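The values are calculated or read from the model by the stated rules, or taken from the named source; none is laboratory data. What you see is a predicted model; the values in this text were computed from it and never measured. Cβ coordinates were reconstructed from backbone atoms using ideal geometry, including for glycine residues, and neighbour counts include every protein chain displayed.
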Amino acid sequence: MNNAIKENVNKNYVNQYNGNENKILFWNVDTQYDFMRSDESFNGALAVKGARAIENNLEKLTTIAEKYDLKVINTADWHTMEDAEISCNPDYKKTYPQHCMQYTKGAQYIPATEPEDPIIVFWKDKAFNTKSISENRNILLYKNKFDAFEGNPYTNIILNTINPDIVIVYGVATNVCVDMAVKGLLKNQKEIYVVRDAIKELPSEQAATTLDDITDLWQKIM
Ligand SMILES: [Zn+2]
């Protein structure tokens, strides 16, 4: 995993000197305590089983982004009880129990992906302007729906402002928010790589959402 990313980053930085720069953006999906941890350290409300095993790789990605001064869009659920997907009687398809509630530990990023000095963009942020995007390496995009493109009206604007050629996606859960992020990015006609060793799926009985099936719809996985 690590070498593939380094190769890609290096290749594109070499191109930069040949006047053929490809801008790379990292896309960190929902690596928050409530999704990532279910052990003695924290009892996550919607923990993805086995997610802790990818934390080393997530940390490597965070380090690579810092080293090469790459922009990172960090998406995060940031809920209140009013949100459509929060329910006391969840069906686990469209509604879920309380998770990533605002200002709780469950809504925080795990240390491996904690964004360094991010510009924070709320979905109801009226003061948002794109200038802040060019000035910050890390963008923290709070959303109130699974899909970052639906859960924050600024996602597309931010993506268009950065205008990357290549997007490298990682995080949780593969068959929910990662899948939605990739599909939203594909609509924007970006070249996308999903890092196989830095994603983790929720178990699903639906054949249509197995890793193999969804990755068929994605362009590239590394
Ligand atoms: Zn949520």
Task: Count of residues meeting criterion [farther than 21 Å from Leu61 by Cα and either in contact with a Ser or Thr (Cβ under 8 Å, 6 or more places away or on another chain) or not acidic (Asp, Glu) (or both)] in the range 86-133 - done: 31
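On the given criteria, is Leu217 surrounded by fewer than 17 Cβ atoms within 10 Å (Cβ to Cβ) and at pLDDT 85 or above? Steps first, please.
Working: surrounded by fewer than 17 Cβ atoms within 10 Å (Cβ to Cβ): yes; at pLDDT 85 or above: no.
The answer is no for Leu217.
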TODO: Kindly provide the set of residues from the range 98-144 that are aromatic (Phe, Trp, Tyr) and in a loop (DSSP other than H, G, I, E, B), ordered by number.
DONE: Tyr103, Phe122, Trp123, Phe128
- [ ] Only residues that are away from the ligand (no atom under 16 Å from the Cβ) and either surrounded by 16 or more Cβ atoms within 10 Å (Cβ to Cβ) or among the basic types (Lys, Arg) (or both): list them for the range 104-113, please.
- [x] Ile110, Ala112, Thr113
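Would you be able to tell me the number of residues in the range 61-83 that are part of a strand (DSSP E or B) and either away from the ligand (no atom under 16 Å from the Cβ) or closer than 29 Å to Asn163 by Cβ (or both)? Quick ask: steps written out before the conclusion?
Of the range 61-83, the ones part of a strand (DSSP E or B) are 71-77, 79.
Retained after the next criterion (residues that are either away from the ligand (no atom under 16 Å from the Cβ) or closer than 29 Å to Asn163 by Cβ (or both)): 71-77.
Of the residues in the range 61-83, 7 are part of a strand (DSSP E or B) and either away from the ligand (no atom under 16 Å from the Cβ) or closer than 29 Å to Asn163 by Cβ (or both).
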Open item on the list: Out of everything in the range 135-154 that is in contact with a helix residue (DSSP H, G or I) (Cβ under 7 Å, 6 or more places away or on another chain) and free of Cβ contacts under 8 Å to residues at least 40 places away in the same chain, what residue ends up being farthest from the ligand (Cβ to nearest atom)?
Closed with: Phe149
Open item on the list: Regarding the range 84-94, can at least one residue be identified that is within 16 Å of the ligand (Cβ to nearest atom) and in a helix (DSSP H, G or I)?
Closed with: no
Task: Matching residues, the range 75-103, being surrounded by 16 or more Cβ atoms within 10 Å (Cβ to Cβ) and under 21 Å from Phe42 (Cα atoms) - done: Thr75, Ala76, Asp77, Trp78, His79, Ile86, Tyr96, Gln98, His99, Cys100, Met101
